[in-house]
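The values are calculated or read from the model by the stated rules, or taken from the named source; none is laboratory data. These numbers come from a predicted model, not from an experiment. Here Cβ is always computed from backbone atoms with ideal geometry, including for glycine, and neighbour counts include all displayed protein chains. For the accessible areas, the whole protein counts, side chains as well, though only heavy atoms, and no ligand, DNA or RNA atoms are used. Shrake-Rupley method; radii C 1.70, N 1.55, O 1.52, S 1.80 Å.
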Amino acid sequence: MAEPQANPTTQPTSTRRERPIIAIDGPAGAGKSTLAAHLARRFGFLNLETGAMYRALALKAIENDYAFDDEAPLLDLATRTTITLQPQLEGNRVLLDGFDVSRRIRDSDVTSAASQISIHHNLRAWMVQQQRALGQAGGVVMEGRDIGTAVFPDAEVKIFLDAAPEVRGNRRYRQATPESIAAANSSDGTHAGRQVPDPLTAEQQRLAEEAVIRELKERDYRDRHRAQSPLQPAADAVILDSTSMTLDEVLARAEEIVRSHLPK
């Protein structure tokens, strides 16, 4: 991927698309990936998870011992990196320089690193250029933090998926594997070599869930207060707050939103 030369604030030229772009934005843990995958299957669109691009670059930064707060080396690293998204029925297959990293980029250290590198202005501009190239033709569902505001402000459908941080944290905690929860509660690495972790006490479970919620709140603050493309709903986005909704209710409501924006 070559380094883009365009101004990151330049909006793409709006052209008539045969099939629309569906932009899904929202905070971490809101369920954007689940919603995007569902809508892509339901309407026969491609699901392009742009957050995976930040995760893939963050993984490469980790593997090469790059500092997350030094933008220039990270941008140089990006221009020497090939990130490929291959849409699948369930999510995406993510290739980093030709290697499948789909599972590795979901680990907590990569998630944290991706949040830290995503605050850099020029790096986000580079990512925006790549994301626009992936979805410009339409017929895609793209989810992230700024798809409807920065990447595709001319998207035909914009959904801002939100939920209270306590609800998002509880959902993410319940989705975590016993191994990852046990590892998060082990400060001395005693669980590292065990195939089956010790059962957690009620207190350990409570502390683990509180840690997940605290991490989400910290990430929310970074995302909402970054200088470049802060997390916020587009002016014409439909706000979908799932705090008091079941998954089926969220999916059904999102389908209604998409249908209302599709050509008759």
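Can you give the net charge of the other residues whose Cβ lies under 10 Å from the Cβ of F152, counting K and R as +1 and D and E as -1?
Around F152, the charge tally is -1.
How much net charge surrounds V212 when only other residues with a Cβ under 12 Å from its Cβ are counted (Lys, Arg +1; Asp, Glu -1)?
Within the 12 Å Cβ shell, the charges total +3.
Using the heavy atoms of the protein chains and a 1.4 angstrom probe, tell me the accessible area per residue for region 22-80 in square angstrom.
Counting only protein heavy atoms, the per-residue value for region 22-80 is 35 Å².
Under 5 Å between amide hydrogens, which residues at least 5 positions from S118 or on another chain qualify, with H placed 1.01 Å from N in the peptide plane?
It is none; the list stays empty.
What nm value, rounded to one decimal, do you get for the distance between D65 and Q205 when each label is placed 7 Å out toward the C-beta?
The two pseudo-label positions are separated by 4.2 nm.
Would you pull out the residues with amide H under 5 Å of L240's amide H, same chain only if 5 or more places away, H placed 1.01 Å from N?
HN-HN under 5 Å from L240: F160, L161, D162.
Ignoring ligands, DNA and RNA, how do H261, H225, H38 rank by accessible area with a 1.4 Å probe, largest first?
Heavy-atom accessible area, descending, gives H225, H261, H38.
If the label point is 7 Å along Cα→Cβ of D236, which residues in region 146-167 have backbone nitrogen under 16 Å from it?
In region 146-167, the label zone of D236 (backbone N under 16 Å from the point 7 Å along Cα→Cβ) covers 147-160.
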